[in-house]
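Participant: Here it is: the structure, laid out below.
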Amino acid sequence: MAKKQFKAESKRLLEMMINSIYTQREIFLRELISNSSDAIDKMYYKALTDESLVFNKEDYYIKLSADKANRTLTITDTGIGMSKEELENNLGVIAKSGSLAFKKENESKDGHNIIGQFGVGFYAAFMVADVVTVISKAQGSDEAFKWESKGADGYTIVPAEKDSVGTEITLKIKENTEDDNYDEYLEEYRLKAIVKKYSDFIRYPIKMDTKSQRLKEDSEDEFEEYQEEQTVNSMVPIWRKNKSELTQEDYDNFYAEKRYGFDKPLKHIHISADGAVVYQAILFIPESTPFDYYTKEYEKGLELYSNGVLIMNKCSDLLPDYFGFVKGMVDSEDLSLNISREMLQHDRQLTLIAKNIKNKIKSQLQSLLKDEREKYEKFYNAFGRQLKFGVYNEYGMHKDVLQDLLMFTSSKEKKLVTLDEYVAAMPEDQKYIYYASGPSIERIEKLPQTEMVSDKGYEILYFTDDIDEFAIKMLMTYKEKEFKSVSSGDLGIEPDAEDKQTEEEENDNKALFESMKGILADKVKNVRASKRLKSHPVCLSTEGEVTIEMEKILKAMPN
Ligand code: ADP
Ligand code: MG
């Protein structure tokens, strides 16, 4: 039996596409500019093999002009243009991508800058326009053609006049409705902002005539308006530049421009990876905690670019929660995007990049700790809590990544020490890593339980954060040393000679202890003579895993 071809209701298909692929209308401009950039790229690749063609970079640009009176927005490029057949095939057939075909034909060449692949981006123009008119002249031809369409009811192609090779796309911008504003796509400032947001790193200039004011000649207070052609995009992304060309100020400016934060970044990480997955990234460790950092409102994530075009504002998969404070961007040419180019199709590459980034952040923090202690402590004061949560969360599966980054205030000099430093300073006879929990350092220092440990000359880590003890319980040990609360029953400290005395005291006061136990029956489990007290008459201690401080926190938690 003869196979039948599927028929598609192209009208419906177009409508569906226009209205459901994209979440934001403004991306129509990103799509049209990307097409123009692809068209110029094609000229460039052609010139590589065709000796009769010379590629002078100055001759290649994209231009936007808005005409408010006529409600038109025009995007002009000096790219490779389209012949009549190409207009028919590429703009008349939905999901047909001339650019993908070009990429495939030229695979051997370095064609990876070409952005297009799905053959649908162009139609995004209909999200903002009632009529789209394309006048194009293909390279190598002396005829131009005009393609025109009102969207769903088809298109026409007729011969047209055009002097130079390239394409000119005119959008008749829709009238405002009660719910939707379209006027904004005729506003200079808005267009500029959209270009900056999505297309700032297109490698060819995106020009715009912009109106400015200047003093009239021979006048001191009279102004006149004048037009000036301006390049709106910055073209070369800072992350593609060589690290050696960039100064600290360049990175700081980038951080401010991108509004990653209002502070100055503490440290930047510039990555140019060429391994299993190719990507560039600039990451920042902020200096201060964003006001909403420890709330549900805070959204972690990095900006994700594909070939210099912004795809996602906050790609959360690129950062583990425990490094959620990191800001910055990633650009890769190896991503498989979905059709709207707003999301990724499958995330093998992304997983690789994320893993790579995680390791870089960790090693950067480690070197900060090693070489710039002051900065690290500043960082730790801002985000240390996050690291401790990172140790605790997900059943401690990330503890190995994080344990060397932890710090706690130590009893010795009331300074922050790492676990490594603590263990290195332990006297030979010390068995455990001691800690004491409390609401503040002052309060902890008054705890009678700390006395015996301190008197032995052992350091104590002060836990003042709710999460501290929980995190440490997750670690269990560090360098094979167990953690021990100073309030736990067995401190593991060698009994001294006075021990006998304690035993005697225990026997002598048996009656007293028994009656105390009776009175405190529902409050304590036992009353004993203690070996650990020096200047305090009495202290509380616990048996088992959960300390008094933890119990308080657990009781305060909602069930
Ligand atoms: P994609 O860019 O994913 O291929 P589009 O729908 O954006 O899909 O564009 C379809 C095709 O139309 C492109 O692949 C390209 O061949 C052609 N095209 C679109 N805009 C231009 C342009 N400005 N200059 C030359 N060709 C273009
Ligand atoms: Mg496209």
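Participant: Would you mind checking the tilt of helix 10-20 against the longest principal axis of the Cα atoms of the chain, expressed as 0 to 90 degrees and rounded to 10?
Facilitator: Between the helix axis and the principal axis of the chain, the angle is about 40 degrees.
Participant: Under a no-solvent Debye model with one identical scatterer per Cα of the chain, what's log10 I(q)/I(0) at q = 0.06, 0.07, 0.08, 0.11 Å⁻¹?
Facilitator: With one equal scatterer per Cα and no solvent, log10 I(q)/I(0) is -0.49, -0.60, -0.71, -1.03.
Participant: Related question: Provide the packing ranking of 173-186, 196-209, i.e. peptides ordered by the mean count of other C-beta atoms within 10 Å per residue, highest first.
Facilitator: 196-209, 173-186
Participant: Right, next: In bins 5 Å wide, starting from 0, what share of all Cα pairs of the stretch 420-522 does each bin hold, as a percent?
Facilitator: Here the calculated profile for the stretch 420-522 is 2, 11, 17, 19, 18, 12, 11, 7, 2, 0.
Participant: Mind checking the angle between helix 373-392 and the chain's longest principal axis? C-alpha axes, 0 to 90 degrees, to the nearest 10.
Facilitator: Relative to the chain, helix 373-392 is tipped by roughly 80 degrees.
Participant: Go through 419-426, 97-104, 154-161 and give me the packing order, highest mean Cβ count within 10 Å leading.
Facilitator: 97-104, 419-426, 154-161
Participant: Using every pair of alpha-carbon atoms in the stretch 340-390, split the distances into 10 Å bins beginning at 0 and state the percent of pairs per bin, rounded to integers.
Facilitator: Histogramming the stretch 340-390 at 10 Å steps yields 22, 36, 23, 17, 2 percent.
Participant: Counting each pair of different Cα atoms once, what's the Kirkwood radius of the stretch 334-439 in Å, rounded to one decimal?
Facilitator: Hydrodynamic radius (Kirkwood, Cα pairs) of the stretch 334-439 is 16.6 Å.
Participant: Tell me, what is the percent relative contact order of the chain, built from C-alpha pairs under 8 Å that lie six or more residues apart?
Facilitator: It rounds to 8 percent for the chain.
Participant: For every other residue with a beta carbon closer than 15 angstrom to the beta carbon of V423, add +1 if it is Lys or Arg and -1 if Asp or Glu, then tell me the sum.
Facilitator: Cβ neighbours under 15 Å give a net charge of -3.
Participant: Would you mind checking K415/K479; K42/K103; K146/K211; K456/K484 for any pair whose Cα atoms are more than 18 angstrom apart?
Facilitator: Beyond 18 Å: K415/K479; K146/K211.
Participant: For each pair in K197/K241; K84/K207; K370/K446, compute the distance between the two Cα atoms and list the pairs where it is over 24 Å.
Facilitator: Result: K84/K207; K370/K446 exceed 24 Å.
Participant: For Y322, what is the net charge nearby, where nearby means another residue's Cβ is under 11 Å from its Cβ and Lys, Arg count +1, Asp, Glu -1?
Facilitator: Net local charge, Y322 excluded: +4.
Participant: Under a Cβ-Cβ cut-off of 14 Å, what is the net charge of the residues other than I33 that fall near it, where Lys and Arg count +1 and Asp and Glu count -1?
Facilitator: Within the 14 Å Cβ shell, the charges total +1.
Participant: Sort 438-444, 382-388 by the packing proxy (mean of other Cβ within 10 Å over each peptide's residues), most packed first. Mind showing how you got there, number by number?
Facilitator: On the way: 438-444: 14.0, 382-388: 21.9.
With the highest mean Cβ count within 10 Å placed first, the list reads 382-388, 438-444.
Computed from the coordinates by the stated procedures, all read-outs in this text should not be read as laboratory data. Nothing here was measured: the structure is a model prediction, and the numbers come from that model. Cβ atoms come from the backbone with ideal geometry, glycine included; neighbour counts cover every protein chain shown.
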